[in-house]
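The block underneath contains the structure these notes are about, expressed in structure tokens.
No lab work stands behind these numbers, since they all come straight from the coordinates. As the structure is a computational prediction, the values presented were derived from the model and not from experiment.
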Amino acid sequence: MLAVESLEIAYTQLLAFGPEAEVLDPPELRALLAEAATRMASLYHPAGGSR
């Protein structure tokens, strides 16, 4: 468990852990990090082929 002041701060701090962290609660934070992971993955595996 990691105590933080807000979702925004938690989001920023947890991004630094990368794939080593899994957010279970709250659902809003889990959704924010899932979206960030999707965006990051698309940088490395763009739809339609390679760079």
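For Cα Rg over 2.2 N^0.38 Å, the choices are (1) 2.24; (2) 1.92; (3) 1.30; which was calculated from the structure?
(3)
So between GLU8 and HIS45, what do we pick up on full extension, going 0.36 nm a residue minus the alpha carbon distance?
Working: separation 37, 0.36 × 37 = 13.32 nm, distance 2.68 nm.
Between GLU8 and HIS45, full extension yields 10.6 nm more.
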